[in-house]
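For reference, the structure is listed below as structure tokens.
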Amino acid sequence: MPNKVYFVLNRCLGCEECQRVCAKVHNPDHISRNFVLTVNDFFSFSLRCAHCSEPSCLPVCDQKAISKTEDGIVLIDVEKCNGCGNCVVACPFGMIQLDSDSKKAVKCDMCIDRLKEGKEPACVENCALSALIYGDLEELESEHDKEIARKILKVGDLLREILATKEG
Amino acid sequence: MNRKLVDLTITDESHKKQAIYTVLKALAEAVGYQPTEPFIIPAEETMEGYGFPIRDPDKCIGCYACYNICPEQVITLEDIENRRVFGTLSHACVVCNKCQELCPQEAIEIVPGFELMAYLTQTPIEDINLELQQCEKCHSYFAASKHVEFVEEKVQNSIQDLHIPVEQHGLCPECRRKQIAQKMQSKWLEQAALFMKGGG
């Protein structure tokens, strides 16, 4: 399975640092590609593009600006994007936005420039509570001892179900 | 007799265009012409380099492509209540043809000629207005209905066996995100309950 950013359920406190740091590294658009949502004023979740195995946004792009790299990262080519908003409507999770300044679609690119430098995505690196982890899901699960894996990383099943279209 | 003098000194190409507009405006004022409908001067009577986009109301689905690509903000887009209104400030068109080339529906054509009303009134001429899709949860309007239909059909045709665990049809992007968060929260509570029982 490709490396992805995973969210660990009972760690997030909703500080929104991932949102701030995301907007900062993707200078100059200042739009966060992460979304921190709080349900019932208590449960916080940090969400971003799931880099689906079979993305809905890919076939709807008339400009063929959206592609999936070998590493499983779904990328938007800013040069090709015409800002029509098809992908915004297509994304079942609402993770793509139209930037009103550049008039292009923006979404999480898993900090591909940072990955090339051997760094982790900015939101993962800056999450003080390690609520965001980056890596291969199976490896991540085996890294933790069984007890913790059961308590915390059961979220893996959840993510498989929620943040993937097919096998994820 | 009252004479109004118009400065027609031409220094460059863009200036020439401006000078022509000034003359037309002075003429319209002199004869008291107040346009109420588009006044199109056909191509044969216009100099080269003039044109404006026209929209095919049957083909246009109401996406943002033309609006976002136009370098001169000729195409205007405004959501008024439940309708998306497209307008054209035809005099500002520089005939770059980008909207025509990029329109995914081939709904736009740049026709040569000159349209006077938009310039005289300085307001965009309404092209078409399309119905907007209302979010089932927050009741805000988020995209043109035709656009949503078009995208959904395209997704269904290209992805077989689409598995999405949350019901997202008819929701705006913001409510789609909320929907996932809620789904995750209920999963979390389920797991917590299991853990408390000691079954986990």
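Between A:Asn34, A:Asn82, A:Asn10, the distinction of being more than 12 Å from the chain's Cα centre (by Cα) and at pLDDT 85 or above belongs to A:Asn82 only.
Scan region A:55-87 for residues that are within 24 Å of A:Leu132 (Cβ to Cβ) and within 11 Å of another protein chain (Cβ to nearest Cβ) and jot them down. Within region A:55-87, A:Pro55, A:Ser56, A:Cys57, A:Cys87 meet the criteria.
Remark: pairs (first residue in region A:36-58, farther than 16 Å from A:Ala105 by Cα; second residue outside any strand (DSSP E or B) and open to solvent by 40 Å² or more (accessible area, probe 1.4 Å); Cβ separation under 6 Å; 6+ apart in sequence or on different chains) = A:Val36/A:Glu16; A:Val36/A:Gln19; A:Val39/B:Gln182; A:Ser53/A:Lys166; A:Ser53/A:Glu167; A:Glu54/A:Lys166. Hey, could you check region A:77-121 for residues that are polar (S, T, N, Q) and surrounded by 23 or more Cβ atoms within 10 Å (Cβ to Cβ) and say which is farthest from B:Arg176 (Cα to Cα)? Only one residue fits best here, namely A:Asn82. The set of residues in region A:66-88 being without any contact (Cβ under 8 Å) to a residue 24 or more places away in the chain and outside any loop (DSSP other than H, G, I, E, B) consists of A:Ile66, A:Ser67, A:Lys68, A:Val88.
Of all residues in region A:30-54, exactly one satisfies the criterion of being among the hydrophobic types (A, V, I, L, M, F, W, C), more than 9 Å from chain B (Cβ to nearest Cβ) and touching a Lys or Arg at 6+ places or on another chain (Cβ under 7 Å), namely A:Cys49.
Looking for something open to solvent by 20 Å² or more (accessible area, probe 1.4 Å) and part of a strand (DSSP E or B) - is there at least one such residue anywhere in region A:40-60? Yes, there is a match, as at least one residue in region A:40-60 is open to solvent by 20 Å² or more (accessible area, probe 1.4 Å) and part of a strand (DSSP E or B). Taking region B:112-129 as the range and being of a type outside the set (Phe, Trp, Tyr) and crowded, with 17+ Cβ neighbours inside 10 Å as the test, the residues that pass are B:Gly113, B:Glu115, B:Leu116, B:Met117, B:Ala118, B:Leu120, B:Pro124, B:Ile125, B:Asp127, B:Asn129. Across region A:122-133, the number of residues qualifying as crowded, with 16+ Cβ neighbours inside 10 Å and out of contact with any Cys (no Cβ under 9 Å at 6 or more places or on another chain) comes to 0.
All conditions but one from (1) within 14 Å of chain A (Cβ to nearest Cβ); (2) open to solvent by 30 Å² or more (accessible area, probe 1.4 Å) apply to B:Glu45; the one that does not is (1). Scanning region B:50-79 for residues that are in a loop (DSSP other than H, G, I, E, B), aromatic (Phe, Trp, Tyr) and within 14 Å of another protein chain (Cβ to nearest Cβ) gives a single hit, B:Tyr64.
The values are calculated or read from the model by the stated rules, or taken from the named source; none is laboratory data. Because the structure is a prediction, the values reported are computed rather than measured. Positions of Cβ are generated from backbone atoms using ideal geometry, with glycine treated the same way; all protein chains shown enter the neighbour counts. Remember, those area values only see protein heavy atoms, side chains included, never the ligands or the DNA or RNA. Shrake-Rupley method; radii C 1.70, N 1.55, O 1.52, S 1.80 Å.
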